[in-house]
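Enquirer: Take this structure, written in structure tokens, and hold onto it; I'll ask about it next.
Nothing in this text is a laboratory measurement; each read-out follows from the coordinates by a stated rule. From a predicted model like this one, the values you see are computed outputs, not experimental measurements. Glycine gets a Cβ as well: all are built from the backbone with ideal geometry, and neighbour counts include every protein chain shown.
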């Protein structure tokens, strides 16, 4: 039996058409479409908001879900599902990986997701938990990315199936691309951008708003280099400048390590910061492989003591007989403790991938922000005009409310009432409908007053918005002010230390550095650094910056040692080579590139470094003044086999308030006390004593008075006395008046006398909070190191002070 054919015959009018296509052309066209899809829809960030589509969709959908910082956490799986179902038609793994990265504080300088649970560890040594376990919500800063998105500030486009709409870019109230960086591999191109400090980026953006023609060197004063979430030290700034100029460059990141006594008999290297994206497990594994292969010597053991309380702490024990600094150099050379970061600033501008320099990145963002604020202002003005239109209509009705009620009551229906009201009072249809919908209880005398007040307020707001829209200068000032508010709220201190010398180690073995003369500096904020040469830094000229007040400076050599005198009467040896080196281009005494004293010295809880000194035994020695009025000149005797020496035996409750290395022995020693007494006498009146001695009477103190300042001043130099008065009842040492007086106004007196008055107290003042005497030009700073201006000199030695513009924390003289 024949089987019936089930094939449907073609229709009668069917005409078979076969197209001949060159496979090369088809492959080229298909590949270009695929490449554009990868570039535009997946791999590269938009230069406006700094986000790839997946990140933008996550942030936007979380905002739509109401997952704001003040709300509770929700499961990450719920967010991933919403993003995948509505906006991002790709795998859930890629969406969750992007969400996890936005929640990792070691991956992003300003995290965009507030995560709750295990979101992984540095270097991905411990992978994040599954999305069904972790929870998330928007971080505080994320609301700035979506702020005013519902006010027609950005364009929206259909999603993949046309049922939803998504923003093509977020409003972005701060330059997210520079702050958090980006990385991605597209087809034929890639992007790799490091994170930066939010405050520095916004400062540069605000400067560019005010000075659109600013050059790169000017912008780099605000953004000297990347600021990585994991800290570390960037070695070599030439590659950074190349990247900021051309969009391509590279730099080296080094781990932050210090030499410590890890056991009673063994020293070791303690690593507290690793290069960006490098985890401790990767470093440990590499060290063990090198030790097993006998390519690395001197390592006794490696321990990972990282915890939540202390953060990263990788302890590398060094065998006895090996120099820890030399071992550290080998670790930098052979392990991931030193990594290179290649900058490739590729981002989308108007849908096209471009390689952008620093200025171009800022300009693209600012153009976007100007457009956002302009559209927001237009939207708000339109809303306020609509409301004003209704309010004015209601006020017209209130002026003749009886006639309005009569017309309404005499009308056959609402349509006739609307028409009669429009004709009678010349109202628009919208105003008339609003009047008809308004309940009678709103038509009181009090409501009329409220409506008139609202009308005036709306008119003023509309006028203000119109001025912004019509004035480019006001628009720029508004954007600059909003950026300043973001920096004030979310700005943080720099974590990454920048070192100028390309290829030079941050901490090197002594034999690898020439023993050239240099200068060691200590800032008022406790930062230490060394200069390239022994030439003194200029004390005047240029714009002042943070950490520019140098409280102590000594001559040394690159491989030499200096002493640090502490308030507890100790002199601690300090290896100069361990200190970070200031860039050769430094033109002012600014220690922003320095490192804290705590990285090099172990101090007690209430102990601080009061001055630096050379260990030259041919010098006139140290002059020391204590809280209880004791003075001492120390015979320079510093045994080379001791890292810690006692320079004075202090009585119980006493401490050093000031110390200085004498250069000629002809200086004047100056005491200033809390009850505003100043005593000045030649250093020759103090007999030098051995290190264990307890000193002698330096100044006669009144009851309840104590020494607050001790300095050594060259009587031939131009010097000043600076004093700040306050009240004992104020717990935070608030300064109420300040005074600057020429030093020559104060006569010399004998040692152990009471001195002369240096400031007269005003009402409510009974104590000097701060004082200093020294050579000019003097510099003042606040507690955080920010510059502060000194008052005009007052020739009266015992005159009263004037109210300060800012609170002072320290004053110091030149660094020579």
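Enquirer: So how much slack lies between residue 763 and residue 238, counting 0.36 nm per residue of separation and subtracting their Cα-Cα distance, in nm? Intermediate values should be presented prior to the final figure.
Expert: Details: separation 525, 0.36 × 525 = 189.00 nm, distance 5.68 nm.
Taking residue 763 through residue 238 to full extension adds about 183.3 nm, to one decimal.
Enquirer: How do 654, 227 rank when sorted from fewest to most other Cβ atoms within 10 Å of their own Cβ?
Expert: Details: 654 21, 227 25.
So the ranking, lowest neighbour count to highest, is 654, 227.
Enquirer: Figure the gain on full extension for residue 350 and residue 606 (residue separation times 0.36 nm, minus the Cα-Cα span) and round it to one decimal in nm. Present the calculation step by step, with values, prior to reporting the outcome.
Expert: Working: separation 256, 0.36 × 256 = 92.16 nm, distance 5.76 nm.
That pair, residue 350 and residue 606, stretches by 86.4 nm at full extension.
Enquirer: Tell me the Kirkwood radius of the stretch 366-490: reciprocal of the mean inverse pair distance over distinct alpha-carbon atoms, in Å.
Expert: Values: mean 1/r = 0.0589 Å⁻¹.
Evaluated over the stretch 366-490, this radius sits at 17.0 Å.
Enquirer: Quote the convex hull volume per residue of the stretch 134-270, based on C-alpha atoms, as a whole number of Å³.
Expert: Numbers: hull volume 31.7 nm³, N = 137.
Normalising the Cα hull of the stretch 134-270 by residue number yields 232 Å³.
Enquirer: Could you estimate the translational diffusion coefficient of the stretch 38-172 from the Stokes-Einstein equation, with Rh from the Kirkwood formula over C-alpha pairs, at 10 °C and 1.306 mPa s, in whole µm²/s? Numbers along the way, then the final one.
Expert: Working: Rh = 15.0 Å.
Rounded, D is 106 µm²/s.
Enquirer: Given that just one value was derived from the coordinates, which of [x] 35.5, 130; [y] 35.3, 137; [z] 34.4, 117 is Rg and Dmax of the Cα atoms in Å?
Expert: Evaluating Rg and Dmax of the Cα atoms in Å on these atoms matches [y].
Enquirer: Taking Cα centroids, how far is the stretch 210-244 from the stretch 366-433 in Å?
Expert: Here the two parts' Cα centres lie 54 Å apart.
Enquirer: While we're on this one: When 691, 387 are ordered from fewest to most other Cβ atoms inside 10 Å of their Cβ, what list results?
Expert: Details: 691 20, 387 15.
Ranked by crowding around the Cβ, least crowded first: 387, 691.
Enquirer: Please give the direction-averaged projected area of the C-alpha convex hull for the stretch 256-336, in square nanometres with one decimal.
Expert: On the way: hull surface 20.8 nm².
Its Cα hull, projected and averaged over all orientations, spans 5.2 nm².
Enquirer: Also, I was wondering about something else. Once R0 is set to 41 Å, what does the formula 1/(1 + (r/R0)^6) return for the Cβ-Cβ distance between residue 116 and residue 165, expressed as a FRET efficiency to the nearest 0.05? All intermediate terms of the calculation are to be shown ahead of the outcome.
Expert: Values: r = 30 Å, r/R0 = 0.73.
It comes out at approximately 0.85.
Enquirer: I've got another one for you. Per 20 Å bin, what percent of the C-alpha pairs of the stretch 513-812 does each bin hold, from zero upward?
Expert: That works out to 35, 60, 5, in percent per bin.
Enquirer: If each of residue 619 and residue 124 carries a label point 7 Å out from its Cα toward its Cβ, how far apart are those two points in nm?
Expert: 5.3 nm
Enquirer: Round to the nearest 10 and give me the degree value, 0 to 90, for the angle of helix 324-334's Cα axis relative to the longest principal axis of the chain.
Expert: 30 degrees
Enquirer: I need the calculated FRET efficiency for the pair residue 644 and residue 70, taking r as the beta carbon distance and R₀ as 30 Å, to the nearest 0.05. Could the numbers behind the result be given before it?
Expert: Details: r = 52 Å, r/R0 = 1.74.
Once rounded, the FRET efficiency stands at 0.05.
Enquirer: On C-alpha positions alone, give me the angle between the axis of helix 445-470 and the longest principal axis of the chain, in degrees, nearest 10.
Expert: Approximately 70 degrees, to the nearest ten.
Enquirer: If you don't mind, another one. With runs of 4+ DSSP H residues as the only contributors, calculate the mean residue ellipticity of the chain at 222 nm using -39,500 (n - 2.57) per run, divided by the residue total and rounded to the nearest 500.
Expert: Numbers: 17 runs with 231 residues, N = 816.
My calculation for the chain gives -9000 deg cm²/dmol from helical runs alone.
Enquirer: Another one. With the crude spin-label approximation of a point 7 Å out along Cα→Cβ, what separation in nm comes out for residue 261 versus residue 685?
Expert: Once both label points are built, they end up 4.2 nm from each other.
Enquirer: While we're here: Can you pull the one-decimal nm distance between simple spin-label points at residue 300 and residue 637, each 7 Å off the Cα toward Cβ?
Expert: 3.4 nm
Enquirer: Quick one: angle between helix 358-399 and the longest Cα principal axis of the chain, in degrees between 0 and 90, rounded to 10, please.
Expert: Roughly 60 degrees between the two axes.
Enquirer: Rg over Rh of the stretch 98-205, using C-alpha atoms and the Kirkwood radius, what does it come to? All intermediate terms of the calculation are to be shown ahead of the outcome.
Expert: Details: Rg = 15.8 Å, Rh = 15.9 Å.
Here Rg/Rh amounts to 1.00.
Enquirer: Taking every eigenvalue of the Cα gyration tensor of the stretch 334-388, multiplying by 5 and rooting it, what semi-axes result, largest first, whole Å?
Expert: On the way: eigenvalues 347, 37, 14 Å².
Rounded to whole Å, the semi-axes are 42, 14, 8.
Enquirer: Rounded to the nearest 0.05, what FRET efficiency do residue 706 and residue 535 give with R0 = 35 Å and r taken as the Cβ-Cβ distance? Could you check? All intermediate terms of the calculation are to be shown ahead of the outcome.
Expert: Details: r = 38 Å, r/R0 = 1.10.
The pair residue 706/residue 535 has a calculated efficiency of 0.35.
Enquirer: Mind sorting 359, 474 by how few other Cβ atoms lie within 10 Å of their own Cβ, fewest first? Spell out each step's value before the answer.
Expert: Details: 359 18, 474 14.
Neighbour counts put them in this order, fewest first: 474, 359.
Enquirer: Stretch residue 23-residue 663 to full length: gain in nm at 0.36 nm per residue minus the Cα-Cα span? Display every interim value, and only then the final one.
Expert: Values: separation 640, 0.36 × 640 = 230.40 nm, distance 8.61 nm.
Here the segment from residue 23 to residue 663 would lengthen by 221.8 nm.
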